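The values are calculated or read from the model by the stated rules, or taken from the named source; none is laboratory data. Everything numeric in this text was worked out from a predicted model, so none of it was measured. Here the Cβ is made from the backbone with ideal geometry for all residues, glycine too, and neighbour counts use every protein chain on show. Surface accessibility is based on the protein's heavy atoms, side chains included, excluding ligands, DNA and RNA. Shrake-Rupley method; radii C 1.70, N 1.55, O 1.52, S 1.80 Å.
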Amino acid sequence: MEHTSGVGVLDKAALVLSAVEHGPAGLADLVVRTGLTRATAHRLALALETHRLLTRDSDGRFVPGPRLAAGGPTPLPWEMVDAAGRVLTALCEATGESTQLYVRRGPVRVCVAASERSTGLRDTVPVGAALPMTAGSGAQVLLAFDDAAEPELLARAAFAADVLPKVRRRGWAESLGEREPGLASVSAPVYGASGVVAALSLSGPVERLTRSPGRRHGTAVVAAARELSSPQAPTGADRIPTPETGIVSQITTNAPRTPPGTAKTTAAPP
(Lines give C-alpha, C1' and ligand atoms only; values in the text may rest on other atoms or scores of the structure.)
Protein backbone atom coordinates (compact mmCIF):
# COMPACT_ATOMS: atom_id res chain seq x y z
CA MET A 1 0.00 0.00 0.00
CA GLU A 2 1.73 3.17 -1.21
CA HIS A 3 -0.17 5.64 0.98
CA THR A 4 -1.74 4.95 4.35
CA SER A 5 -3.90 7.26 6.41
CA GLY A 6 -3.99 5.14 9.53
CA VAL A 7 -7.70 4.47 8.96
CA GLY A 8 -7.68 0.90 7.77
CA VAL A 9 -11.09 0.68 6.10
CA LEU A 10 -10.51 3.95 4.27
CA ASP A 11 -7.13 2.81 2.98
CA LYS A 12 -8.65 -0.44 1.74
CA ALA A 13 -11.50 1.41 0.02
CA ALA A 14 -8.93 3.62 -1.67
CA LEU A 15 -7.18 0.49 -2.94
CA VAL A 16 -10.42 -0.68 -4.55
CA LEU A 17 -10.99 2.71 -6.18
CA SER A 18 -7.43 2.76 -7.47
CA ALA A 19 -7.88 -0.74 -8.89
CA VAL A 20 -10.72 0.31 -11.21
CA GLU A 21 -8.67 3.27 -12.49
CA HIS A 22 -6.65 0.67 -14.42
CA GLY A 23 -9.74 -0.63 -16.21
CA PRO A 24 -12.96 -2.56 -15.53
CA ALA A 25 -12.49 -5.12 -12.79
CA GLY A 26 -14.36 -8.24 -11.85
CA LEU A 27 -14.10 -9.51 -8.29
CA ALA A 28 -11.11 -11.71 -9.14
CA ASP A 29 -9.39 -8.69 -10.72
CA LEU A 30 -10.00 -6.61 -7.59
CA VAL A 31 -8.40 -9.31 -5.43
CA VAL A 32 -5.32 -9.44 -7.66
CA ARG A 33 -4.95 -5.68 -8.00
CA THR A 34 -5.52 -4.82 -4.32
CA GLY A 35 -4.11 -7.83 -2.46
CA LEU A 36 -7.27 -7.87 -0.33
CA THR A 37 -9.15 -11.04 0.51
CA ARG A 38 -12.06 -11.91 -1.75
CA ALA A 39 -14.62 -11.23 1.00
CA THR A 40 -13.12 -7.84 1.89
CA ALA A 41 -12.82 -6.71 -1.73
CA HIS A 42 -16.40 -7.75 -2.41
CA ARG A 43 -17.79 -6.03 0.69
CA LEU A 44 -15.97 -2.77 -0.04
CA ALA A 45 -16.89 -2.78 -3.73
CA LEU A 46 -20.58 -3.21 -2.89
CA ALA A 47 -20.39 -0.39 -0.34
CA LEU A 48 -18.71 1.92 -2.85
CA GLU A 49 -21.37 0.98 -5.40
CA THR A 50 -24.10 1.94 -2.94
CA HIS A 51 -22.53 5.39 -2.64
CA ARG A 52 -22.28 5.68 -6.47
CA LEU A 53 -18.47 5.73 -6.34
CA LEU A 54 -18.43 2.49 -8.31
CA THR A 55 -20.89 1.07 -10.78
CA ARG A 56 -21.05 -1.97 -13.11
CA ASP A 57 -20.51 -2.15 -16.84
CA SER A 58 -22.60 -4.34 -19.18
CA ASP A 59 -20.44 -7.35 -18.25
CA GLY A 60 -20.98 -6.85 -14.51
CA ARG A 61 -17.44 -5.57 -13.87
CA PHE A 62 -16.76 -2.70 -11.49
CA VAL A 63 -15.96 0.68 -13.09
CA PRO A 64 -15.82 4.26 -11.76
CA GLY A 65 -19.26 5.39 -10.67
CA PRO A 66 -21.00 8.63 -11.62
CA ARG A 67 -19.77 10.52 -8.57
CA LEU A 68 -16.19 9.85 -9.60
CA ALA A 69 -16.78 10.45 -13.30
CA ALA A 70 -18.54 13.75 -12.55
CA GLY A 71 -15.64 15.08 -10.50
CA GLY A 72 -13.57 17.89 -11.95
CA PRO A 73 -13.04 21.66 -11.89
CA THR A 74 -16.84 22.19 -11.85
CA PRO A 75 -18.31 19.00 -10.39
CA LEU A 76 -21.99 18.23 -10.76
CA PRO A 77 -24.10 18.59 -7.62
CA TRP A 78 -24.50 15.14 -6.12
CA GLU A 79 -28.30 15.49 -6.07
CA MET A 80 -28.14 16.00 -9.86
CA VAL A 81 -26.05 12.85 -10.28
CA ASP A 82 -28.50 10.93 -8.09
CA ALA A 83 -31.50 12.13 -10.12
CA ALA A 84 -29.85 11.42 -13.48
CA GLY A 85 -30.64 7.71 -13.51
CA ARG A 86 -34.36 8.28 -12.99
CA VAL A 87 -34.60 11.05 -15.59
CA LEU A 88 -32.56 9.18 -18.21
CA THR A 89 -34.53 5.97 -17.68
CA ALA A 90 -37.84 7.82 -18.07
CA LEU A 91 -36.63 9.42 -21.31
CA CYS A 92 -35.32 6.08 -22.59
CA GLU A 93 -38.67 4.40 -21.88
CA ALA A 94 -40.65 7.25 -23.46
CA THR A 95 -38.63 7.33 -26.68
CA GLY A 96 -37.22 3.82 -26.99
CA GLU A 97 -33.67 5.16 -27.41
CA SER A 98 -30.46 5.17 -25.36
CA THR A 99 -29.84 8.22 -23.19
CA GLN A 100 -26.71 9.68 -21.58
CA LEU A 101 -25.47 12.55 -19.42
CA TYR A 102 -22.10 14.12 -20.32
CA VAL A 103 -19.80 16.57 -18.57
CA ARG A 104 -16.79 18.22 -20.13
CA ARG A 105 -13.30 17.42 -18.93
CA GLY A 106 -10.90 19.40 -21.11
CA PRO A 107 -10.64 17.91 -24.63
CA VAL A 108 -13.19 15.16 -23.90
CA ARG A 109 -16.70 14.74 -22.56
CA VAL A 110 -17.25 12.02 -19.98
CA CYS A 111 -20.43 9.95 -19.64
CA VAL A 112 -21.51 10.14 -15.99
CA ALA A 113 -24.89 8.40 -16.31
CA ALA A 114 -26.67 6.35 -18.98
CA SER A 115 -29.77 4.30 -19.71
CA GLU A 116 -29.94 1.85 -22.63
CA ARG A 117 -32.86 0.33 -24.50
CA SER A 118 -33.00 -3.34 -23.62
CA THR A 119 -33.24 -4.86 -27.10
CA GLY A 120 -32.43 -4.16 -30.72
CA LEU A 121 -29.84 -1.90 -32.30
CA ARG A 122 -28.68 0.71 -29.80
CA ASP A 123 -25.87 3.13 -29.00
CA THR A 124 -24.03 1.83 -25.95
CA VAL A 125 -21.99 4.41 -24.00
CA PRO A 126 -20.84 3.08 -20.60
CA VAL A 127 -20.48 5.33 -17.57
CA GLY A 128 -16.92 6.64 -17.48
CA ALA A 129 -16.48 6.56 -21.28
CA ALA A 130 -14.62 9.58 -22.68
CA LEU A 131 -15.78 10.88 -26.07
CA PRO A 132 -14.24 13.67 -28.15
CA MET A 133 -15.33 17.29 -27.95
CA THR A 134 -15.08 17.50 -31.73
CA ALA A 135 -18.12 15.43 -32.72
CA GLY A 136 -21.67 14.71 -31.63
CA SER A 137 -24.58 16.75 -30.35
CA GLY A 138 -23.35 16.47 -26.74
CA ALA A 139 -20.10 18.18 -27.71
CA GLN A 140 -22.04 20.86 -29.61
CA VAL A 141 -24.07 21.70 -26.50
CA LEU A 142 -21.09 21.84 -24.16
CA LEU A 143 -19.20 24.10 -26.57
CA ALA A 144 -22.18 26.29 -27.49
CA PHE A 145 -22.75 27.34 -23.89
CA ASP A 146 -19.06 27.78 -23.03
CA ASP A 147 -17.94 31.41 -22.94
CA ALA A 148 -14.36 30.61 -23.96
CA ALA A 149 -13.63 30.64 -27.69
CA GLU A 150 -11.58 27.62 -28.80
CA PRO A 151 -10.60 28.09 -32.46
CA GLU A 152 -8.12 25.18 -32.48
CA LEU A 153 -10.70 22.71 -31.22
CA LEU A 154 -13.39 24.04 -33.56
CA ALA A 155 -10.98 23.74 -36.49
CA ARG A 156 -10.91 19.96 -35.89
CA ALA A 157 -14.63 19.60 -35.26
CA ALA A 158 -16.92 17.52 -37.46
CA PHE A 159 -19.50 20.32 -37.27
CA ALA A 160 -19.18 23.88 -38.56
CA ALA A 161 -18.56 26.71 -36.10
CA ASP A 162 -21.80 28.44 -37.13
CA VAL A 163 -23.72 25.48 -35.69
CA LEU A 164 -23.04 26.69 -32.14
CA PRO A 165 -25.04 29.96 -32.33
CA LYS A 166 -27.97 27.91 -33.69
CA VAL A 167 -27.69 25.55 -30.73
CA ARG A 168 -27.80 28.47 -28.29
CA ARG A 169 -30.79 29.99 -30.06
CA ARG A 170 -32.99 26.89 -30.28
CA GLY A 171 -31.85 25.19 -27.06
CA TRP A 172 -30.87 21.79 -28.47
CA ALA A 173 -28.34 20.21 -30.84
CA GLU A 174 -28.51 17.31 -33.27
CA SER A 175 -25.92 15.26 -35.11
CA LEU A 176 -25.94 12.75 -37.95
CA GLY A 177 -22.98 10.41 -38.29
CA GLU A 178 -20.51 12.83 -36.67
CA ARG A 179 -19.14 10.43 -34.09
CA GLU A 180 -19.99 7.16 -35.84
CA PRO A 181 -21.53 6.44 -39.26
CA GLY A 182 -25.22 5.64 -39.05
CA LEU A 183 -25.59 7.13 -35.56
CA ALA A 184 -27.81 10.12 -34.78
CA SER A 185 -28.28 12.05 -31.55
CA VAL A 186 -30.05 14.95 -29.89
CA SER A 187 -28.72 16.85 -26.85
CA ALA A 188 -29.83 19.71 -24.60
CA PRO A 189 -28.10 21.70 -21.85
CA VAL A 190 -28.46 20.90 -18.16
CA TYR A 191 -28.14 23.98 -15.97
CA GLY A 192 -26.48 24.35 -12.60
CA ALA A 193 -26.70 27.42 -10.42
CA SER A 194 -24.18 29.35 -12.51
CA GLY A 195 -24.84 28.06 -16.02
CA VAL A 196 -24.63 24.93 -18.16
CA VAL A 197 -22.88 22.06 -16.37
CA ALA A 198 -23.78 19.04 -18.53
CA ALA A 199 -25.37 17.85 -21.74
CA LEU A 200 -28.24 15.37 -21.71
CA SER A 201 -28.29 13.24 -24.86
CA LEU A 202 -30.45 10.73 -26.70
CA SER A 203 -28.84 8.58 -29.37
CA GLY A 204 -29.60 5.74 -31.73
CA PRO A 205 -29.51 4.62 -35.37
CA VAL A 206 -30.48 7.14 -38.06
CA GLU A 207 -33.05 4.62 -39.33
CA ARG A 208 -35.14 5.21 -36.18
CA LEU A 209 -34.21 8.78 -35.28
CA THR A 210 -34.54 9.89 -38.95
CA ARG A 211 -32.39 12.56 -40.54
CA SER A 212 -34.14 15.17 -38.38
CA PRO A 213 -33.61 13.73 -34.88
CA GLY A 214 -34.10 17.12 -33.24
CA ARG A 215 -37.54 17.52 -34.78
CA ARG A 216 -38.46 14.01 -33.66
CA HIS A 217 -37.12 14.03 -30.10
CA GLY A 218 -35.93 17.58 -29.34
CA THR A 219 -38.88 18.55 -27.13
CA ALA A 220 -38.59 15.43 -24.98
CA VAL A 221 -34.81 15.82 -24.58
CA VAL A 222 -35.07 19.49 -23.64
CA ALA A 223 -37.82 18.76 -21.12
CA ALA A 224 -35.74 15.98 -19.52
CA ALA A 225 -32.70 18.28 -19.34
CA ARG A 226 -34.81 20.95 -17.67
CA GLU A 227 -36.12 18.44 -15.13
CA LEU A 228 -32.54 17.55 -14.22
CA SER A 229 -31.40 21.18 -14.04
CA SER A 230 -30.87 22.94 -10.73
CA PRO A 231 -33.77 24.91 -9.21
CA GLN A 232 -31.20 27.73 -8.94
CA ALA A 233 -30.61 27.76 -12.72
CA PRO A 234 -30.12 31.23 -14.23
CA THR A 235 -33.22 33.26 -15.03
CA GLY A 236 -34.66 32.28 -18.39
CA ALA A 237 -33.17 28.78 -18.44
CA ASP A 238 -36.67 27.35 -17.96
CA ARG A 239 -37.85 28.91 -21.20
CA ILE A 240 -37.10 26.63 -24.12
CA PRO A 241 -37.66 26.74 -27.88
CA THR A 242 -40.12 24.40 -29.51
CA PRO A 243 -38.10 22.28 -32.00
CA GLU A 244 -40.55 22.70 -34.87
CA THR A 245 -40.79 26.49 -34.74
CA GLY A 246 -37.99 27.89 -32.62
CA ILE A 247 -40.64 29.93 -30.76
CA VAL A 248 -39.90 30.25 -27.05
CA SER A 249 -42.41 28.42 -24.87
CA GLN A 250 -42.77 27.65 -21.17
CA ILE A 251 -42.45 24.07 -19.94
CA THR A 252 -45.54 23.26 -17.90
CA THR A 253 -44.59 19.74 -16.94
CA ASN A 254 -41.42 17.99 -15.85
CA ALA A 255 -42.33 14.78 -17.66
CA PRO A 256 -40.50 14.11 -20.94
CA ARG A 257 -42.89 14.56 -23.82
CA THR A 258 -43.01 13.75 -27.51
CA PRO A 259 -42.93 16.58 -30.08
CA PRO A 260 -46.42 17.54 -31.34
CA GLY A 261 -47.56 15.47 -34.27
CA THR A 262 -45.01 12.72 -33.58
CA ALA A 263 -46.05 9.31 -32.31
CA LYS A 264 -44.24 7.98 -29.30
CA THR A 265 -41.30 5.84 -30.39
CA THR A 266 -41.70 2.18 -29.43
CA ALA A 267 -39.63 0.83 -32.25
CA ALA A 268 -39.18 -2.90 -32.43
CA PRO A 269 -35.71 -4.29 -33.07
CA PRO A 270 -34.79 -3.89 -36.76
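Projected onto its three principal axes, the C-alpha set of region 79-235 covers 40, 36, 28 Å, listed from the longest axis down. With a cut-off of 9 Å between beta carbons, the residues surrounding C92 carry a summed charge of -2, where Lys and Arg count +1 and Asp and Glu -1.
Stretching the chain fully between E79 and E150 yields a gain of 22.5 nm (0.36 nm per residue, less the alpha carbon separation). Other residues whose C-beta falls under 15 angstrom from the C-beta of T50 contribute a net charge of +2, scoring Lys and Arg +1 and Asp and Glu -1.
Size descriptors for region 124-202: radius of gyration and Dmax over Cα atoms are 12.0, 36 Å. For region 170-237, the share of accessible area belonging to carbon and sulfur comes to 46 percent (1.4 Å probe, ligands and nucleic acids excluded). Each peptide in 196-202, 82-88, 156-162 gets a packing score, the mean of other Cβ atoms within 10 Å over its residues, and the list from highest to lowest is 196-202, 82-88, 156-162. Label-to-label distance for E207 and S194 is 4.6 nm, based on points extended 7 Å past Cα in the beta-carbon direction. Here the ratio of the Cα radius of gyration of region 3-59 to 2.2 N^0.38 Å is 1.04.
The candidates H51, H22, arranged from most to least accessible area with a 1.4 Å probe in the full protein assembly, appear as H22, H51.
Electrostatic tally near L36: other residues with Cβ closer than 10 Å to its Cβ, Lys and Arg +1, Asp and Glu -1, net +4.
Each part reduced to its alpha carbon centroid, region 142-173 and region 40-60 end up 37 Å apart.
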